[in-house]
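Visitor: Got a structure here, written out as C-alpha cells. Questions coming.
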Amino acid sequence: MSPIPRHLLDVGDLGPDGVAEVLRVADSFVEVGHRANPKVPALRGRSVATLFFEDSTRTRVSFETAAKRLSADVLSFATGSSSLNKGESLRDTVETIEAMGIDAIVIRHPSSGAPAQVARWVQSCAVVNAGDGWHQHPTQALLDLYTVRQAFGGGDEGTERISGLRVVIVGDVRHSRVARSQVAAYAGLGASVTLVAPPTLLPPSLEGWPIAGVSHDLDRALRSADVVSLLRLQAERGSGQCVPSLREYTACFGLTARRAATMEPGTIILHPGPMVRGVEIASEVAELPSARITDQVTNGVAVRMAVLFLVLGQGTTEGSDHG
Amino acid sequence: MGEPAAAAGAVLVQGGTVVDATGERRADVVVAGGRVQAVGLDLTAPPGAHVLDAGGCVVTPGLVDLHTHLREPGGEESETVETGCRAASVGGFTAVVAMPNTDPPLDSAAAVRAVLDLARAATAEVAVAGAITVGRRGERLAPMAEMAALGVRIFTDDGAGVQSAGVMRRALEYGGALGVTLAQHCEDASLAGGGSMHEGSWSSRLGVPGIPGLAEEVMVARDIALAGHTGTRVHFLHLSTARSVDLVRRAKADGVPVTAEAAPHHFALTDSDVSGYDPVFKVNPPLRSQHDVEAIVVGLADGTIDAIATDHAPHPPESKDLPFDQAPPGMLGLETALSLAITELGLPLRQVVGLLSWRPAAIAGLDVASGGEQGGPVVAGSPANLCVIDPVATWTVDPSALASRSRNTPYAGRTLTGRVRHTLFRGEPVVVDAVAQR
C-alpha cells in the first residue's frame with residue numbers, strides 16, 4: 001500500500017509514513033542535485049503544469065526545476081500571461097489544461113481550498129498544492145522537516161530524530177499557510193510545537209491544533225528551542241492592521257542579533273522566505289551558521305522532486321529507475 | 001392585498017386534518033371563488049369540483065416566507081418573480097416577502113411598483129420589502145412613506161446591516177409614524193470584514209477568514225437599544241448565534257418591541273459542512289457551530305424566535321464554481337424549508353406550521369387581522385391560501401428537480417421527512433401531488 005495519496009493538498013494527508021517516504025525519496029534526489037548533469041529520466045514523457053495565481057518566484061522555480069530534473073515536460077501558467085485575465089474561470093482553466101493531457105497540476109492560489117476544489121474537478125490529473133491562501137503549503141513543511149532532519153539526524157536516518165524536538169514558530173500564524181502545514185508536519189512526527197505571536201496574529205481558535213502551547217514572550221521561548229522557524233509578516237494579507245507598527249513588531253517578535261545570541265548552541269533558524277530583513281529577522285542573524293535558510297531552498301528542489309515522483313510515479317513502470 | 005384576481009373553480013380538499021392557529025380538527029375543506037366556503041366532516045364536492053386527496057395529511061394556512069430573494073430585477077439568470085413564486089408554491093408558501101437587494105434596489109415607489117406588477121400573475125402573493133436607505137448604502141433614508149403607501153410593511157437593507165447607529169435611529173423614528181417594521185441584517189462590517197465563513201475552530205483550521213458571531217451580536221444588542229428607545233418594532237433577520245438568541249430572549253422579557261426569524265440552514269447545517277470548501281455551503285450569516293445550532297432550535301421551540309424564514313438566495317452554477325472566498329453567499333431554501341423543520345426540529349407539527357405560517361404572516365402584516373389574506377385561520381369565508389402537508393412522506397432532494405431557476409441547494413441527496421402535497425393560492429391548486437401546475 002502506497003502511503004502517498006493521489007493529490008497532495010494538505011500535509012496531513014500524507015501521515016507519518018507518507019512523510020517518511022517523501023523524505024527517504026528526497027535523499028536520493030539530493031544526490032542527483034550534486035551531479036554535473038543533475039537530471040534523471042524518472043518522469044520522462046510525463047507533463048507537469050505549474051498554475052500560479054499569486055506572485056511567487058521561489059516556489060514556482062523550485063517546482064519547475066524539480067520537474068525538469070525528473071525529465072518531465074513543464075508548462076508554466078501564471079496570472080498575467082494566461083486567459084485568467086480574460087474572465088475565464090478557474091474551473092475552465094483547469095479543465096482546459098487537463099484536456100491537453102497534463103499529468104500533474106501544481107497550483108498556487110490566493111483562495112484557501114482552491115486546490116481541493118481543483119482536485120474535485122479533474123478526472124485523472126494529480127493536484128499538488130503549492131500554497132493556498134492561509135490554508136496549506138505542504139511542500140514547504142516537508143522541506144523544513146528535511147532540513148531539520150539533516151541538521152539533527154544527518155543523512156538518511158529516517159524521521160525518528162524529529163520526535164521530541166522543541167520547535168518554536170514565530171510570527172504571523174494567523175495568515176500563514178506555512179504555519180498550518182508546519183504544525184501538522186512537526187506534530188505528526190512527534191515534535192513539540194510552540195507558537196509565538198501577539199494575539200492578533202494568532203488564529204481565532206486553536207482548538208484541535210496539536211501544539212504544546214502559545215507564548216507572547218519570544219525571549220522566553222527562545223531559551224528552550226531546538227528549531228526556531230520564523231514567518232514573514234504578511235502585510236498583503238492584512239497583518240498590518242494586527243500590529244501597531246513594524247518597529248514595535250520587530251522589538252517584540254523579531255529575531256534580533258541580541259536575541260539570537262541568547263539561544264542554546266545547536267538551535268537552528270529556519271525561514272520559508274521571502275525574508276523581510278530587519279523585520280522578522282535581522283540581516284546578520286540570517287547569515288549565521290545556525291540559519292539554514294539556503295539549505296531549505298536547496299532541499300526544496302529535492303523534496304519537490306520526491307513529491308512529483310511519488311504522486312506521478314504511482315501505477316507506472318518507471319517508478320524504480322530514478323536512482 | 002386586494003381580492004383574489006379571478007374566481008377559481010371549486011375544490012374539495014378531502015380527508016385531511018385542518019391545523020391552524022385555533023387548533024386542529026378532522027375536516028374536509030370546500031373552496032370556491034378564492035375563498036373557503038365550508039370546513040367540516042364529510043363535505044360533498046360541489047358539481048365539477050376538483051377533488052384533492054388529503055388522506056393522512058394536514059391542511060394548514062399557506063406558509064409565509066419573510067425572507068425571499070426573487071432576484072428580479074437584475075438577477076434574472078438566478079431567479080425571476082415567476083420562478084421564485086413557483087418554487088415558493090412547491091414549498092407550500094402562498095406568500096413571500098421579496099428582499100430589496102435587487103439591481104436596481106427596491107428603494108423607491110417606482111421600483112416597488114415594478115415588482116408588484118410582475119407579481120400579478122405569480123402563484124404566490126409577493127409582499128415587497130423596501131430598502132431603508134437609498135441604494136442600500138446606509139446613508140440617506142429611502143422614501144419610506146411613498147413605498148408604505150403602496151402597501152410596503154417591512155423595510156430592510158438586507159444583504160448588509162445599517163452600519164450607522166445614527167441612521168438606524170432616524171429610520172426607526174421616521175418609520176414609527178408609518179406603522180411599519182424595520183428588519184435588520186445584523187452584521188457589523190468592521191468585525192465581519194471580508195470573512196467567508198463562521199469564525200471558529202473550522203475557519204482557523206481551513207485558513208478561511210472568519211465572520212465572528214460577535215459581528216451579528218453587537219448589532220442585535222445595538223438595535224435592541226434603538227428599538228427600546230424609539231418604540232418602533234425591529235425584526236431581526238436570520239439570527240444565527242446562541243448569544244443573539246439570548247439577547248432577543250431578554251429583550252422580549254423586557255418588553256422591547258422585537259421579533260426574530262431563523263433560517264433552516266442555521267438549524268440544519270454547521271460550519272463543519274464547509275470543510276470541503278464547497279461554496280454551496282457559503283451563506284451569510286455563515287453556518288455556525290453546533291452550540292449555536294442547538295441555541296437556535298431552543299429559541300424556535302420556546303418562541304424567542306418567532307418565525308422560520310428561508311433566506312432563499314438563488315445563484316447560477318458558475319458563481320458557485322468559484323474559489324470559496326470569491327463565490328457569492330446564499331443558498332436555496334423555499335422548497336426544503338418545511339421538510340427541514342419537520343425533520344430537524346423535533347417540534348409538534350402545529351408549532352412548526354405556526355413558525356412558517358401565521359406567525360410570519362403577522363410580522364409581515366399579511367395576516368387577516370392586519371387586513372391581509374395569509375396565515376389563516378381555515379374557516380368559512382377566509383381567503384383560500386392553503387397548504388396540504390404529508391407529514392410522514394420522505395423524499396430525497398434532487399437539485400435538478402427543483403422548481404427554482406437555480407440549483408444551489410446544500411441538501412442535495414439528503415432524505416427529508418414531510419412534504420408539501422398540494423398548495424392552493426387564492427383557491428387555485430397551484431401545486432397538486434407535489435407538482436407545480438403552472
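Visitor: Condition first: within 13 Å of B:LEU239 (Cα to Cα) and in the same structural domain as B:ALA183 (by TED's automatic domain parsing). Can you find one or more residues in segment B:268-278 that meet it? Reasoning before the result, please.
Guide: Start the filter on segment B:268-278 by keeping residues that are within 13 Å of B:LEU239 (Cα to Cα), which leaves none.
No; the residues of segment B:268-278 include none that is within 13 Å of B:LEU239 (Cα to Cα) and in the same structural domain as B:ALA183 (by TED's automatic domain parsing).
Visitor: Of all residues being more than 21 Å from the chain's Cα centre (by Cα) and touching a residue at least 40 places away in the same chain (Cβ under 8 Å) in segment B:379-420, which is farthest from B:GLY15 (Cα to Cα)? Just the residue, please.
Guide: Going through the qualifying residues, I end up with B:TRP395.
Visitor: On to the next question. Is it the case, given these coordinates, that B:ALA384 is of a type in the set (A, V, I, L, M) and closer than 19 Å to B:ALA268 by Cβ? Lay out the reasoning, then the answer.
Guide: On the way: of a type in the set (A, V, I, L, M): yes; closer than 19 Å to B:ALA268 by Cβ: no.
When the stated conditions are applied, B:ALA384 does not pass them.
Visitor: Now a separate question. Here's a check for you: in segment B:240-280, which residue that is outside any helix (DSSP H, G or I), among the charged types (D, E, K, R) and more than 17 Å from the chain's Cα centre (by Cα) is nearest to B:SER164 (Cα to Cα)? Talk me through it step by step, then tell me what you get.
Guide: Restricting attention to segment B:240-280, the residues satisfying the condition of being outside any helix (DSSP H, G or I) are B:240-241, B:254-264, B:269-270, B:277-278.
Checking which are among the charged types (D, E, K, R) leaves us with B:254, B:261, B:278.
Within this subset, residues satisfying the condition of being more than 17 Å from the chain's Cα centre (by Cα) are B:254, B:278.
Working: B:ASP254: 24, B:ASP278: 33 Å.
Selected residue: B:ASP254.
Visitor: Report, by residue number, each residue of segment A:217-240 that is touching a residue at least 24 places away in the same chain (Cβ under 8 Å) and over 11 Å from A:HIS175 (Cα atoms). Can you show your working first?
Guide: So in segment A:217-240, the residues touching a residue at least 24 places away in the same chain (Cβ under 8 Å) come out as A:218-219, A:221-234, A:237-239.
Passing the criteria: A:LEU218, A:ASP219, A:ALA221, A:LEU222, A:ARG223, A:SER224, A:ALA225, A:ASP226, A:VAL227, A:VAL228, A:SER229, A:LEU230.
Visitor: Next question, about the same structure. When B:ALA192 is evaluated against the numbered criteria (1) within 12 Å of chain A (Cβ to nearest Cβ); (2) closer than 18 Å to B:PHE324 by Cβ; (3) of a type outside the set (Val, Ile, Thr), which criterion, by number, is the only one it fails?
Guide: (1)
Visitor: In the list B:VAL208, B:VAL245, which residue meets the criterion of being at pLDDT 95 or above, away from chain A (no Cβ under 14 Å) and crowded, with 23+ Cβ neighbours inside 10 Å?
Guide: Details: B:VAL208 fails: away from chain A (no Cβ under 14 Å).
So the residue among B:VAL208, B:VAL245 that is at pLDDT 95 or above, away from chain A (no Cβ under 14 Å) and crowded, with 23+ Cβ neighbours inside 10 Å is B:VAL245.
Visitor: On the given criteria, is A:VAL183 at pLDDT 95 or above, closer than 22 Å to A:ARG277 by Cα and either more than 13 Å from chain B (Cβ to nearest Cβ) or in contact with a Pro (Cβ under 9 Å, 6 or more places away or on another chain) (or both)?
Guide: no
Visitor: Scan A:LEU246, A:LEU308 and give me the residue that is modelled with pLDDT under 95 and among the hydrophobic types (A, V, I, L, M, F, W, C). Steps first, please.
Guide: Working: A:LEU308 fails: modelled with pLDDT under 95.
Testing whether each residue is modelled with pLDDT under 95 and among the hydrophobic types (A, V, I, L, M, F, W, C) leaves just A:LEU246.
Visitor: Kindly establish whether B:ALA227 is more than 14 Å from chain A (Cβ to nearest Cβ) and either surrounded by fewer than 18 Cβ atoms within 10 Å (Cβ to Cβ) or touching a strand residue (DSSP E or B) at 6+ places or on another chain (Cβ under 8 Å) (or both). Working first, answer last.
Guide: Working: more than 14 Å from chain A (Cβ to nearest Cβ): yes; either surrounded by fewer than 18 Cβ atoms within 10 Å (Cβ to Cβ) or touching a strand residue (DSSP E or B) at 6+ places or on another chain (Cβ under 8 Å) (or both): yes.
Against the criterion (more than 14 Å from chain A (Cβ to nearest Cβ) and either surrounded by fewer than 18 Cβ atoms within 10 Å (Cβ to Cβ) or touching a strand residue (DSSP E or B) at 6+ places or on another chain (Cβ under 8 Å) (or both)), B:ALA227 qualifies.
Visitor: Only one of (1) under 17 Å from A:ALA306 (Cβ atoms); (2) under 17 Å from the mean Cα position of the chain (by Cα) is not met by A:THR57, so which one is it?
Guide: Single failed check for A:THR57: (1).
Visitor: Right, something else. For the condition within 28 Å of A:THR59 (Cβ to Cβ), among the charged types (D, E, K, R), assigned by TED's automatic domain parsing to the domain that holds A:PRO199 and modelled with pLDDT of 95 or more, what is the one hit in A:ASP226, A:ASP217?
Guide: On the way: A:ASP217 fails: within 28 Å of A:THR59 (Cβ to Cβ).
Step by step, each of A:ASP226, A:ASP217 is checked, and only A:ASP226 is within 28 Å of A:THR59 (Cβ to Cβ), among the charged types (D, E, K, R), assigned by TED's automatic domain parsing to the domain that holds A:PRO199 and modelled with pLDDT of 95 or more.
Visitor: Name the strands (runs of 3 or more DSSP E) wholly inside segment A:51-164 in which the number of residues that are closer than 22 Å to A:ASP295 by Cβ and within 14 Å of chain B (Cβ to nearest Cβ) is 1 or more.
Guide: Because the criterion is at least 1 residues that are closer than 22 Å to A:ASP295 by Cβ and within 14 Å of chain B (Cβ to nearest Cβ), the strands (runs of 3 or more DSSP E) in segment A:51-164 that meet it are A:126-132.
Visitor: Just checking, which of A:VAL48, A:VAL127, A:VAL118, A:VAL74 is under 21 Å from the mean Cα position of the chain (by Cα) and over 26 Å from B:PHE324 (Cα atoms)?
Guide: On the way: A:VAL48 fails: over 26 Å from B:PHE324 (Cα atoms); A:VAL127 fails: over 26 Å from B:PHE324 (Cα atoms); A:VAL118 fails: over 26 Å from B:PHE324 (Cα atoms).
The unique qualifying residue is A:VAL74.
Visitor: While we're on this one: Can you tell me which residue within segment A:165-176, out of those that are among the charged types (D, E, K, R) and crowded, with 24+ Cβ neighbours inside 10 Å, is farthest from the other protein chains (Cβ to nearest Cβ)? Let's see the steps before the verdict.
Guide: Filtering segment A:165-176 down to residues among the charged types (D, E, K, R) leaves A:166, A:172, A:174.
Subsequent filtering for residues that are crowded, with 24+ Cβ neighbours inside 10 Å retains A:172, A:174.
Details: A:ASP172: 12, A:ARG174: 8 Å.
Step by step, filter segment A:165-176, then rank; the result is A:ASP172.
Visitor: Take the residues in segment A:257-296 that are touching a residue at least 60 places away in the same chain (Cβ under 8 Å) and not aliphatic (A, V, I, L, M), then tell me which one is farthest from A:ARG223 (Cα to Cα). I'd like the intermediate steps shown before the answer.
Guide: So in segment A:257-296, the residues touching a residue at least 60 places away in the same chain (Cβ under 8 Å) come out as A:268, A:270, A:272-274, A:280, A:292, A:295-296.
With the extra rule that they be not aliphatic (A, V, I, L, M), the set shrinks to A:272-274, A:280, A:292, A:295-296.
Details: A:PRO272: 22, A:GLY273: 24, A:PRO274: 26, A:GLU280: 18, A:ARG292: 19, A:ASP295: 24, A:GLN296: 23 Å.
In this case the residue turns out to be A:PRO274.
Visitor: Considering only residues of segment B:266-306 that are farther than 21 Å from B:ALA183 by Cβ and of a type in the set (Phe, Trp, Tyr), which is farthest from the other protein chains (Cβ to nearest Cβ)?
Guide: Checking each candidate, the answer is B:PHE281.
Visitor: Given the structure, is A:VAL40 at negative phi, of a type in the set (A, V, I, L, M, F, W, C) and not in a helix (DSSP H, G or I)? Can you show your working first?
Guide: Details: at negative phi: yes; of a type in the set (A, V, I, L, M, F, W, C): yes; not in a helix (DSSP H, G or I): yes.
In short, yes.
Conditions tested, residue by residue: (1) among the basic types (Lys, Arg); (2) in a strand (DSSP E or B); (3) surrounded by 15 or more Cβ atoms within 10 Å (Cβ to Cβ); (4) over 19 Å from the mean Cα position of the chain (by Cα).
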position	(1), (2), (3), (4)
A:TYR186	no, no, yes, no
A:THR194	no, yes, yes, no
A:THR200	no, no, no, yes
A:LEU206	no, no, yes, yes
A:ARG220	yes, no, no, yes
A:SER224	no, no, no, yes
A:SER229	no, yes, yes, no
A:THR250	no, no, yes, yes
A:ARG258	yes, no, no, yes
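The values are calculated or read from the model by the stated rules, or taken from the named source; none is laboratory data. All values derive from a computational prediction rather than experimental measurement. Note that we place each Cβ from the backbone using ideal geometry, even for glycine, and neighbour counts take in every protein chain shown.
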